[in-house]
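Colleague: Can you read through this structure? Questions will come right after.
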Amino acid sequence: MDSSPPSASDTYTVVGLLLSLAGLLATFFSVQLSQWLMNLLATQSKWDAYKIGQDDEAKAARRECSAELSASYNLVPLLTTIVVGIFVFSIVSGSFLALGAIPSTALKQILQNALQAFVCCYGLLALALIITGYIVGSRLSAKIEQARAKKSG
């Protein structure tokens, strides 16, 4: 087995593979997180549409909203965000380490800048989606609890 250090082209190949993996994972997860937020927003819209009526359809819709909120507004999205984020940042850190093993070139600088931009964009997107989702869920939960208290009181 050859024990010589990897060539610059081998390092770029590994970095490219790691970036592809991180990009795919981040993309699929961002879509999942976006879907979670859209479901919460749809539940909120449904609640707002049926919050006043007293007919059977409105009561059934409010019960559905309560059940949908219970299924969506929990710690699973936060925990998943943290785990996937740690994995993506680990991959990116490995890419930075791999790039550190080669001499400075224009391509190396471009890749390092791309990695930094990717980390910033992914981190900000995930943070914005998760915070917005929990704000929507919290407000909807408060509305549902207020309606329950009004009904029982």
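Colleague: Could you give me the radius of gyration and the Dmax of the chain, taking only the C-alpha atoms into account and expressing both in angstrom?
Modeller: 22.9, 78
Colleague: Among Ala114, Ala26, Ala106, whose mean-square fluctuation peaks in a Gaussian network model of the chain (Cα, cutoff 10 Å)?
Modeller: Judging by the Gaussian network model, the answer is Ala106.
Colleague: Determine the distance separating the Cα centre of the range 1-57 from the Cα centre of the range 86-115; give it in Å without decimals.
Modeller: 22
Colleague: If you line up the long axis of helix 106-152 against the longest principal axis of the chain, both from Cα atoms, how many degrees apart are they, to the nearest 10?
Modeller: The angle comes out at about 10 degrees.
Colleague: Tell me, what does the Kirkwood hydrodynamic radius of the range 22-104 come to in angstroms if you use every pair of distinct C-alpha atoms?
Modeller: Result for the range 22-104 stands at 15.6 Å.
Colleague: Output wanted: per-residue J couplings in Hz (rounded whole) for the range 27-43, from phi through Karplus 6.51 cos²θ - 1.76 cosθ + 1.60, θ = phi - 60°, x for Gly and Pro.
Modeller: With the stated coefficients, the range 27-43 comes to 5, 4, 5, 4, 5, 4, 5, 5, 4, 4, 5, 5, 5, 5, 5, 5, 5 Hz.
Colleague: Next up: If you place +1 on the Cβ of every Lys and Arg, -1 on the Cβ of every Asp and Glu, and leave all else neutral, what size is the dipole of the chain about its Cα centre, to the nearest 20 Debye?
Modeller: 680
Colleague: How long are the semi-axes of the ellipsoid equivalent to the range 94-152, from square roots of 5 times the Cα gyration tensor eigenvalues, in whole Å, largest first?
Modeller: 49, 9, 4
Colleague: Once the dipole of the chain is set up with Lys and Arg at +1 and Asp and Glu at -1 on Cβ about the Cα centre, which of Leu69, Ile82, Gln32 lies farthest towards its positive end?
Modeller: Leu69
Colleague: Next up: Apply the Kirkwood formula to the range 1-48: the hydrodynamic radius equals the inverse of the mean of 1/r over all pairs of different alpha-carbon atoms; give it in Å with one decimal.
Modeller: Averaging 1/r across every pair of different Cα atoms and inverting gives 14.0 Å.
Colleague: Mean residue ellipticity at 222 nm from the helices of the chain, using -39,500 (n - 2.57) per DSSP H segment of n ≥ 4 over the full residue count, to the nearest 500 deg cm²/dmol?
Modeller: -31500 deg cm²/dmol
Computed from the coordinates by the stated procedures, all read-outs in this text should not be read as laboratory data. Model, not experiment: these values are computed from the prediction. Here the Cβ is made from the backbone with ideal geometry for all residues, glycine too, and neighbour counts use every protein chain on show.
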